[in-house]
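Since the structure comes first, as structure tokens, the remarks are kept for the end.
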Amino acid sequence: MTLKLKKGKALVARDNKVIGTGARVPYYPLVIKRGHGSIIEDVDGNEFIDFLASAGATNTGHCHPKVVKAIQDQAAELIHYTPAYMYNEPMIKLAEELVKITPGKFKKKVMFGMSGSDSNDGMIKIARAYTGRSKIISFVGAYHGSTYGSISLSALSLNMRRKIGPLLPDIYHINYPDCYRCSCGKKVASCNLECLDELKQKFTTYLPPEEVAAIIMEPIAGDGGIIIPPEKYTKALYALCKEHGILFAVDEVQQGFGRTGKWFAIENFGVDPDIMVLGKSIASGMPLSAVVAREEIIESVGPPAHLFTTIGNPVCCQAALATIDVIREEGLVEASKEKGEYLKAKFMKLKKKYPLIGDVRGLGLNLGIDLVKDPKTKERYQVACAKICYRCWEKGLLLTFFANNVLRVQPPLVITKEELDRAMVIIEEAIQEFLNGDIPDEVLETAKGW
């Protein structure tokens, strides 16, 4: 496939003159014009299979007809009137739906936002208000967003933190349980959750548990590289929280709404969180987020602790209601599980052929392909990721990477098996061309990634 790039390159040059570099992670000069299902088209007419789903924001595919109609119909009636002072029915209906579909048989309430970032800030507010405690614990490798509160929770990239401090105080980080690169040097068969001892040690040395308001965890570490913790770890951490009166919060911004073969990723681990943070795919790409929590926790703050002029936008809420309908009507939760297993099996076959692939992990259409220089040392291979992703783009597949060396495989849940098969052919061709030295170093000037 030979890409036409004349219009795209001209637009990228214009972008570079007016858009701040801190607002983008670069991979390749792709200027998107339109999308449908799992296919996107750029301004030059090139088409690509989408393995990113707008960073996990378009689980129902691009421009799903039902979502588009919901947006158009609502926009023709009322674009917005701030719920900070008044009410609108779409926001109420969406909150009722979220209370139903999120796990936990206790009374819940909702607070809306515009991105996962601000809803993670909302989590901090209600956790501190409800418990009367100040400390929050997150994980190394976590990404929770770009507001000051969510950056403080995150521990993924120094570039997020350089020169902008001080950040929010009383935020602490522990290591995420990574069975492929176990920080304790254990094998899965001999694991006794030694990684949880790190937190227990902090509780007995300098971090009083009675001062900790909440622990926030990505049920699956997304930008950390699709790392799946052992179920027994999540349950043990939850039990430790309950022992010390600490709230257990989960960030479902990237993993929610069917991505993992369940409505929400935490449902794969058998615990019901006190607080959930939602975003991205909640409205098929429209700017919307939410905090869903036990009623008594949310009601611990009063107005105007977490209101914004444009929260609960009726256009976005109608898009979210249509999104939930599409996921139900088209069986996308089940489809994600089935197609994810199909795709994972294909990657496992590639792993046997290419030692470059150190690990294949994930649940549902949510896979991380860990590229290494040596399968024994597990040294990360960032150059391989960057070059392979760039070559995939040149061949008609939108593939990215994070955690320096992990291919990010998160296509829309509506993707067909035929599209998955075509994508896998492209990926294998790109791997072979990388190993043959056919991808020039010049692409590294553009394909930087996380």
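A quick yes/no check of all residues on (1) closer than 22 Å to Ser146 by Cα; (2) modelled with pLDDT of 95 or more:
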site: Pro219; (1), (2): yes, yes
site: Tyr238; (1), (2): no, yes
site: Gln254; (1), (2): yes, yes
site: Phe264; (1), (2): no, yes
site: Arg294; (1), (2): no, yes
site: Pro303; (1), (2): no, no
Next item on the list: Starting from region 327-347, take each residue that is outside the structural domain of Ile101 (by TED's automatic domain parsing) and surrounded by 16 or more Cβ atoms within 10 Å (Cβ to Cβ) and list its partners that are in a helix (DSSP H, G or I) and of a type in the set (Lys, Arg), counting only C-beta distances under 8 angstrom and pairs at least six apart or across chains.
Entry: Lys339/Lys417
Note to self: So, Lys351, is that one basic (Lys, Arg) and either assigned to a loop (DSSP other than H, G, I, E, B) or touching a Lys or Arg at 6+ places or on another chain (Cβ under 8 Å) (or both) or not?
What the structure shows: no
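Looking for whichever is crowded, with 24+ Cβ neighbours inside 10 Å, touching a residue at least 60 places away in the same chain (Cβ under 8 Å) and of a type outside the set (Val, Ile, Thr) here; the options are Asp223, Asp274. Which one fits?
Details: Asp223 fails: crowded, with 24+ Cβ neighbours inside 10 Å.
Sole residue among the options that is crowded, with 24+ Cβ neighbours inside 10 Å, touching a residue at least 60 places away in the same chain (Cβ under 8 Å) and of a type outside the set (Val, Ile, Thr): Asp274.
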Notebook entry, point to check: Looking at region 143-180, which of the residues that are assigned to a loop (DSSP other than H, G, I, E, B) and among the aromatic types (Phe, Trp, Tyr) is surrounded by the most Cβ atoms within 10 Å (Cβ to Cβ)?
Noted result: Tyr143
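Go through Thr2, Thr60, Thr21 for me and flag whichever is in contact with a helix residue (DSSP H, G or I) (Cβ under 9 Å, 6 or more places away or on another chain) and closer than 26 Å to His144 by Cα. I'd like the intermediate steps shown before the answer.
Working: Thr2 fails: closer than 26 Å to His144 by Cα; Thr21 fails: in contact with a helix residue (DSSP H, G or I) (Cβ under 9 Å, 6 or more places away or on another chain).
Selected residue: Thr60, the only one of Thr2, Thr60, Thr21 that is in contact with a helix residue (DSSP H, G or I) (Cβ under 9 Å, 6 or more places away or on another chain) and closer than 26 Å to His144 by Cα.
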Checklist line | Subset of region 226-259 that is more than 14 Å from the chain's Cα centre (by Cα) and among the aliphatic types (A, V, I, L, M) - its residue that is surrounded by the most Cβ atoms within 10 Å (Cβ to Cβ) | finding: Ala249
Checklist line | Residue in region 23-38 that is nearest to Lys4 (Cα to Cα), counting only those that are in contact (Cβ under 8 Å) with a residue 60 or more places away in the chain and within 22 Å of the chain's Cα centre (by Cα) | finding: Leu30
Item checked: Enumeration of residues in region 272-290 that are under 12 Å from Leu247 (Cβ atoms) and not in a loop (DSSP other than H, G, I, E, B) -> Ile275, Met276
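Surrounded by fewer than 21 Cβ atoms within 10 Å (Cβ to Cβ), more than 22 Å from Cys179 (Cβ to Cβ) and of a type in the set (Ser, Thr, Tyr): does that describe Thr377? Before you say what the answer is, go through the steps one by one.
Working: surrounded by fewer than 21 Cβ atoms within 10 Å (Cβ to Cβ): yes; more than 22 Å from Cys179 (Cβ to Cβ): no; of a type in the set (Ser, Thr, Tyr): yes.
In short, no.
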Next item on the list: Go through (1) closer than 23 Å to Leu407 by Cβ; (2) in contact with a helix residue (DSSP H, G or I) (Cβ under 6 Å, 6 or more places away or on another chain); (3) of a type outside the set (Ser, Thr, Tyr) and name the single condition Met91 misses.
Entry: (1)
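Please find, among Leu196, Leu288, the residue that is surrounded by fewer than 24 Cβ atoms within 10 Å (Cβ to Cβ), over 24 Å from Glu334 (Cα atoms) and among the hydrophobic types (A, V, I, L, M, F, W, C).
On the way: Leu288 fails: surrounded by fewer than 24 Cβ atoms within 10 Å (Cβ to Cβ).
Just one listed residue meets the conditions, Leu196.
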Check: Are any residues in region 384-406 at negative phi, of a type in the set (S, T, N, Q) and not in a strand (DSSP E or B), and if so, which ones?
Finding: Asn405
Check: Quick one: what pairs do we get from region 169-180, first residue over 15 Å from Leu237 (Cβ atoms), second of a type in the set (D, E, K, R), C-beta under 6 Å, 6+ apart or different chains?
Finding: Asp170/Lys135; Tyr180/Asp359
Note to self: If I go through region 388-438 residue by residue, how many of them are over 16 Å from Leu371 (Cβ atoms), among the aromatic types (Phe, Trp, Tyr) and surrounded by fewer than 23 Cβ atoms within 10 Å (Cβ to Cβ)?
What the structure shows: 0
Note to self: Looking at the structure I just gave you, is Gly285 farther than 30 Å from Gly35 by Cα and either in the same structural domain as Lys242 (by TED's automatic domain parsing) or in contact with a strand residue (DSSP E or B) (Cβ under 8 Å, 6 or more places away or on another chain) (or both)?
What the structure shows: no
Checklist line | Complete set of residues in region 178-206 that are touching a strand residue (DSSP E or B) at 6+ places or on another chain (Cβ under 6 Å) and either closer than 20 Å to Phe264 by Cβ or of a type in the set (A, V, I, L, M) (or both) | finding: Leu199
Item checked: Matching residues, region 234-269, being in contact (Cβ under 8 Å) with a residue 60 or more places away in the chain, out of contact with any strand residue (DSSP E or B) (no Cβ under 8 Å at 6 or more places or on another chain) and not in a loop (DSSP other than H, G, I, E, B) -> Glu267, Asn268
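The values are calculated or read from the model by the stated rules, or taken from the named source; none is laboratory data. Keep in mind it's a predicted model, so treat the numbers as computed, not measured. Cβ atoms come from the backbone with ideal geometry, glycine included; neighbour counts cover every protein chain shown.
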